[in-house]
Amino acid sequence: MPAPAHAAPSAEEVAVLAKVAGLPVTPEVAARIASSIGPAFSGFSAIAGTLPLDLEPATFTVVQNEAGR
């Protein structure tokens, strides 16, 4: 099964996420952020969804401790 395609975030999505995080940015800054992280999304798209990582960092220690038993 092929890895799912993950599109790089748009400037609008970056602006919304920044605002939710309490760090609102101008549209120009959001565009710069989106264009700078876009290549990272493209680079990882080949392995997206294939790594055994827990998406919730708060449970990382719990998962590691369970794996060690």
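A short reminder: the numbers here are calculations on the coordinates, not readings from a lab. Nothing here was measured: the structure is a model prediction, and the numbers come from that model.
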For Val25, residues with placed amide H under 5 Å, excluding near neighbours: Lys19
³J(HN,Hα), Karplus 6.51/-1.76/1.60, whole Hz, each residue of region 23-30, x for Gly, Pro: 10, x, 10, 6, x, 5, 5, 4
Whole-Hz couplings from phi, Karplus 6.51/-1.76/1.60, listed for region 61-67; x for Gly and Pro: 4, 4, 4, 5, 5, 5, 5
